[in-house]
Amino acid sequence: MGVAGTIGFIPLAADAKSELPGEPGTMISDDMIRDVREWLANPVVELSITSQNRLRVGMTQDQIDSADKQWVAEREAEDQPLVAAILTNPLSSYLTQIQARSGGLLAEIFVMDQVGLNVGQSSITSDFWQGDEAKFKNTFPKGANAVFIDEAEYNEETDTWRSQLNMTMSDAQGTPIGAVTIEVNLNELARRQQL
């Protein structure tokens, strides 16, 4: 049998899927959550959320939906005033630095206000409003110390498993003011845990 006859039995690297390195709820430890809380304690985080909360007081669901539609449309457009305003604000700059310093551990970080609209983010998200998603529903409405670790999802583009660590954001008095989502590269986390 020649080489051509055996090709069908050779697994192609492009079709290979990395193995899930572990359960996100076990891998994302209390120590990691404590570390995340430390860098989220930077004043720019609370200031940004509380400022947006003041700006958005009384915002109706129709206005939220309209802003979300604008965001989705702008992602594909040349003119992006809403996207640009969020991606260039001080909080987004800070989150981008945190993601870059993580050395591949953190794939994405975004902070939401009290209705689930993005306040700042390390990279562009698919939508602007997270208030209808589990990442928000399982954190902000649940109180100041709520933590929700989502199921692992496979990212084909990077051949990695990822999970989202979601937490309520609170002010200095412990009052919930928003939420944060940190997408963790589980493959990189497993590598570091083996060192």
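The values are calculated or read from the model by the stated rules, or taken from the named source; none is laboratory data. A quick note: this is a predicted structure, and the numbers were derived from the prediction, not measured. Cβ coordinates were reconstructed from backbone atoms using ideal geometry, including for glycine residues, and neighbour counts include every protein chain displayed.
At-a-glance table
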read-out	value
Residue 88 vs. criteria more than 12 Å from the chain's Cα centre (by Cα) and hydroxyl-bearing (Ser, Thr, Tyr)	yes
Answer from 160, 125 - the residue that is more than 11 Å from the chain's Cα centre (by Cα) and either exposed (fewer than 14 other Cβ atoms within 10 Å of the Cβ) or β-branched (Val, Ile, Thr) (or both)	160
Test: residue in the stretch 168-186 that is touching a strand residue (DSSP E or B) at 6+ places or on another chain (Cβ under 9 Å), under 15 Å from residue 28 (Cα atoms), buried (at least 20 other Cβ atoms within 10 Å of the Cβ) and of a type in the set (Asp, Glu)	yes
Residue among 74, 38 that is assigned to a helix (DSSP H, G or I), charged (D, E, K, R), touching a Pro at 6+ places or on another chain (Cβ under 8 Å) and modelled with pLDDT of 95 or more	74
Test set (1) in contact with a Phe, Trp or Tyr (Cβ under 6 Å, 6 or more places away or on another chain); (2) farther than 25 Å from residue 43 by Cα; (3) among the polar types (S, T, N, Q) - residue 121 fails condition number	(2)
Where a residue in the stretch 107-128 is over 12 Å from residue 64 (Cβ atoms) and its partner, wherever it lies, is of a type in the set (D, E, K, R), with Cβ under 7 Å and at least six apart	107/162; 107/183; 108/183; 119/113; 122/108; 123/108; 124/75
Residue match in the stretch 148-157 (condition: over 17 Å from residue 21 (Cβ atoms), surrounded by 18 or more Cβ atoms within 10 Å (Cβ to Cβ) and either hydrophobic (A, V, I, L, M, F, W, C) or in contact (Cβ under 8 Å) with a residue 24 or more places away in the chain (or both))	yes
Inter-residue pairs, beta-carbon under 6 Å, first free of Cβ contacts under 8 Å to residues at least 60 places away in the same chain and in the stretch 71-88, second among the aliphatic types (A, V, I, L, M), 6+ apart	71/82; 74/82; 74/83
The stretch 13-35, subset touching a residue at least 12 places away in the same chain (Cβ under 8 Å) and not in a loop (DSSP other than H, G, I, E, B), residue surrounded by the most Cβ atoms within 10 Å (Cβ to Cβ)	24
Condition broken by residue 170, with the remaining ones in (1) farther than 22 Å from residue 88 by Cα; (2) of a type in the set (S, T, N, Q); (3) touching a Leu at 6+ places or on another chain (Cβ under 7 Å) satisfied	(3)
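Listed here are the residues, each with its yes/no results for (1) at pLDDT 95 or above; (2) within 28 Å of the chain's Cα centre (by Cα).
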{"position": "3", "(1), (2)": "no, no"}
{"position": "9", "(1), (2)": "no, no"}
{"position": "12", "(1), (2)": "no, no"}
{"position": "16", "(1), (2)": "no, yes"}
{"position": "23", "(1), (2)": "yes, yes"}
{"position": "44", "(1), (2)": "yes, yes"}
